[in-house]
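Peer 1: Okay, here's the structure, questions in a sec.
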Amino acid sequence: MSDFSALNTATSGLFAHRARIDAIGENLANVDTPGYHRQLTTLTPIDTRYPGVFSGADGQHGGVSAARGRSWDQILEVTTNQQRSAAAGLATEAGGLQALEAELNSISSGDGLGDRLQALWNSFDELANDPSDPAIRQLVLGSADAVVAGLRDHASVIDRLRANEVSELELQVGRVNELVDAIAAADTTIAAGVSSGTPPNGLLDTRDGLIAELSGLMSVQVSYDGDGQSRISLNGQSLVADGQSRNLALTQTADAALSPLGYSRVGLTVGGSGAPVDPASGAIAGGLTLANELLPAEHAGLDSIAAALVSTVNTLHAAGEGLDGSTGSNLFDPAGVTAKTVAISADVAGQPDKLAASDGTGLLDNSIARAMAELGQDPAGASVAHAEWVGELGVRVSALSGRAEVSQLALAGAENRLISATGVNQDEELADLVSAQRAYQASSRMVSAVDEMLDVLINRTGLVGR
């Protein structure tokens, strides 16, 4: 090896270990940066010459080269994103039912639907004690009005929360479209960098962050081409491929199960093909479950309370006789058997004397009023239905909250494992910095030694005898 080639070898060491130090410096600067992947410097011997007839017996190296890469684990990335989807979906479902429970508790504080139903049964009891008292008859109508208002208030809460969820889904689908467009744009630049031999590590980190956010919204399948571009699909429908993206659309279609509640089924389709897709998990999947299943189920439960109220009260009331001798009248409008349509019947509205308390056998008979007062304990009555509805809601909230909490802990564990594998460890970087510094100093010393040898060779050789 000539002195000049030795100088080149030493100089390549300076450049290579300087690149190591630069990468370490960037790692230390980003030790707390979310989504940052540790930069790695790979050292490779260069200018290798192998033994041959004319090259001598020994292979030789002409220095070292440094290539910048980054720490990345595809399996851990995929696992973490899958767990992120699951956690986001459960958190959305649990949050939706928790919001419903909180709203109902706020409008029920001290005067809830259960209290209003009990007040109605109590007013019937008062009517049984004195069927001819006009004040008590007015109290019965007022108590019935309060129950109607309570049912409608509860229904409006569910309707409002569902409408809010649909609006949130529209925003989330819009964000999905922004993300897939941004990922496709990043892929184009990444592919150009990979083909030129200089992968844009910072942009790769950015794309990973976009994919992570996308996974929080819905469960997507992600793979990568040899040129660094991503391929993202949902239920087999391509969203990102070859630097091109396809957007999603939120749809609302008629559904026989939801139409009686005044709702449409909310779904997703892929732009262009119009093919329906199921996000499986993620915040959007949780929102769809809330809008299409959980909140409608709570509304249906509320409607069953209204139906039980109208049916049980009207059956008894129609069999009785009013103070004015009228018979066959209803206390509640028989056409309004849902929480949104329940109403006082025109038979008795503003006409307290038409309230039935007697079975018609005599003025002092109070059997109908007494029977209506006992509806509070009727297994088929509104109070029992309401208690079951409230209890079942509490059980569902508790179960979903527990599952969401467990899933969130699993996500935290997955994220910690990913950070351990791809993130920056300050102690490791500082130890590597010492190693790189020593190597840089050694290469520098080599340059100085070769420079001194060349100085002797050039300036002092051939001076003997002059």
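Peer 1: Got a sec? How would LEU294, LEU239 order by Cβ neighbour count within 10 Å, fewest to most?
Peer 2: LEU294, LEU239
Peer 1: Which ordering of ILE136, ILE158, ILE305, ILE419 is given by a fewest-first count of other beta-carbon atoms within 10 Å?
Peer 2: ILE419, ILE136, ILE158, ILE305
Peer 1: From the residues LEU433, SER108, SER259, which one has its Cα farthest along the dipole of the chain in the positive direction, the dipole being from +1 and -1 charges on Cβ of Lys/Arg and Asp/Glu about the Cα centre?
Peer 2: LEU433
Peer 1: Sticking with this one: Could you work out how much longer the chain between ASP255 and SER196 gets when fully extended? Use 0.36 nm per residue separation minus the Cα distance between them, nm to one decimal.
Peer 2: 15.9 nm
Peer 1: Could you pull out every residue, at least 5 positions away or on a different chain, whose amide H is within less than 5 Å of the one on LEU248? Hs are placed 1.01 Å off N in the peptide plane, and Pro or chain starts have none.
Peer 2: It is ASN177, GLY271, by chain and number.
Peer 1: Can you give me the angle between helix 426-459 and the longest principal axis of the chain, using Cα atoms only, in degrees from 0 to 90, rounded to the nearest 10?
Peer 2: For helix 426-459, the angle is close to 20 degrees.
Peer 1: Putting +1 on Lys and Arg Cβ atoms and -1 on Asp and Glu Cβ atoms, find which of THR341, THR312, PRO131 reaches farthest to the positive end of the dipole of segment 78-414.
Peer 2: THR341
Peer 1: Assigning unit charges at the beta carbon (Lys, Arg +1; Asp, Glu -1) and nothing else, what dipole magnitude in debye, to the nearest 20, does the chain show about its Cα centre?
Peer 2: Values: 27 positive and 57 negative charges, 483 e Å.
For this selection, approximately 2320 debye.
Peer 1: In degrees between 0 and 90, to the nearest 10, how far off the longest principal axis of the chain does helix 113-129 point, with axes built from Cα atoms?
Peer 2: 10 degrees
Peer 1: Can you run phi through the Karplus equation (6.51, -1.76, 1.60; θ = phi - 60°) for segment 181-189 and list ³J(HN,Hα) in whole Hz, with x for Gly and Pro?
Peer 2: 5, 5, 5, 4, 5, 5, 4, 4, 5
Peer 1: Over segment 143-259, what relative contact order in percent results from Cα pairs under 8 Å that are six or more residues apart?
Peer 2: 28 percent
Peer 1: Between ALA163 and ASP32, what is 0.36 nm times their sequence separation minus the Cα-Cα distance? Round to one decimal in nm.
Peer 2: My answer for the length gained is 43.2 nm.
Peer 1: Please state the charge dipole magnitude for segment 99-190, taken about the Cα centre, from unit charges on C-beta atoms (+1 on K and R, -1 on D and E), reported in debye and rounded to the nearest 20.
Peer 2: Using Cβ point charges on Lys, Arg, Asp and Glu, segment 99-190 gives about 140 debye.
Peer 1: Take every Cα pair under 8 Å in segment 78-414 that's 6+ residues apart, average their separations, divide by the length, and report that relative contact order as a whole percent. The partial results should precede the final answer.
Peer 2: Working: 566 pairs, mean separation 85.9, N = 337.
It comes to 25 percent, rounded to a whole number.
Peer 1: While we're here: Please give the contour-minus-distance gain from THR341 to GLN377: 0.36 nm per residue of separation, less the Cα-Cα distance, rounded to one decimal in nm.
Peer 2: Once the chain is fully extended between THR341 and GLN377, it gains 10.5 nm.
Peer 1: Would you calculate the separation in nanometres between label points at ALA410 and ASN459, each defined as 7 Å from the Cα along the Cα-to-beta-carbon direction?
Peer 2: About 7.3 nm, to one decimal.
Peer 1: Can you list the HN-Hα couplings for segment 290-299, worked out from phi with the Karplus curve (6.51, -1.76, 1.60; θ = phi - 60°), rounded to whole Hz and with x for Gly and Pro?
Peer 2: 4, 6, 9, 10, 5, 5, x, 5, 5, 5
Peer 1: Could you work out how far the C-alpha centroid of segment 199-266 sits from that of segment 410-466, in angstrom?
Peer 2: Here the two parts' Cα centres lie 45 Å apart.
Peer 1: As a test of the formula, what do you get for the chain when each DSSP H run with n ≥ 4 contributes -39,500 (n - 2.57) and the sum is divided by the residue count, at 222 nm and rounded to the nearest 500 deg cm²/dmol?
Peer 2: -20500 deg cm²/dmol
Peer 1: Calculate how steeply helix 201-217 sits against the longest principal axis of the alpha-carbon atoms of the chain, using the helix alpha-carbon long axis, and give the answer as 0 to 90 degrees to the nearest 10.
Peer 2: The two axes meet at around 20 degrees.
Peer 1: Work from the charge dipole of segment 166-293 (Cβ charges, +1 for Lys and Arg, -1 for Asp and Glu, about the Cα centre) and give the residue of SER223, SER245, VAL194 farthest towards its positive end.
Peer 2: SER245
Peer 1: So what are the ³J(HN,Hα) numbers for segment 29-45, from phi and the Karplus equation (6.51, -1.76, 1.60; θ = phi - 60°), rounded to whole Hz, Gly and Pro as x?
Peer 2: With the stated coefficients, segment 29-45 comes to 5, 10, 4, 10, 7, x, x, 6, 9, 4, 7, 10, 10, 9, 9, 9, x Hz.
Peer 1: Name the residues whose placed amide hydrogens come within less than 5 Å of the amide hydrogen of SER65, ignoring near sequence neighbours (fewer than 5 apart) on the same chain.
Peer 2: Here THR44, ILE46 satisfy the definition.
Peer 1: Also: Please identify the trypsin sites (Lys or Arg not before Pro) of segment 407-465 that satisfy two criteria: DSSP loop assignment and at most 11 other Cβ atoms within 10 Å. Which are they?
Peer 2: Passing both the DSSP loop test and the Cβ count: ARG460.
Peer 1: So what's the gap between the Cα centers of segment 356-401 and segment 273-334, to the nearest angstrom?
Peer 2: 16 Å
Peer 1: Something else: Can you list residues from other chains, or at least 5 along the same chain, whose modelled amide H is less than 5 Å from the amide H of LEU239?
Peer 2: The answer is ILE232, SER233, LEU234.
Since every read-out is calculated from the coordinates, none of them should be taken as a lab result. What you are looking at is a predicted structure, and each value in this text was computed from that prediction instead of being measured. Every residue, glycine as well, gets a Cβ built from its backbone with ideal geometry; the counts of neighbours run over all protein chains shown.
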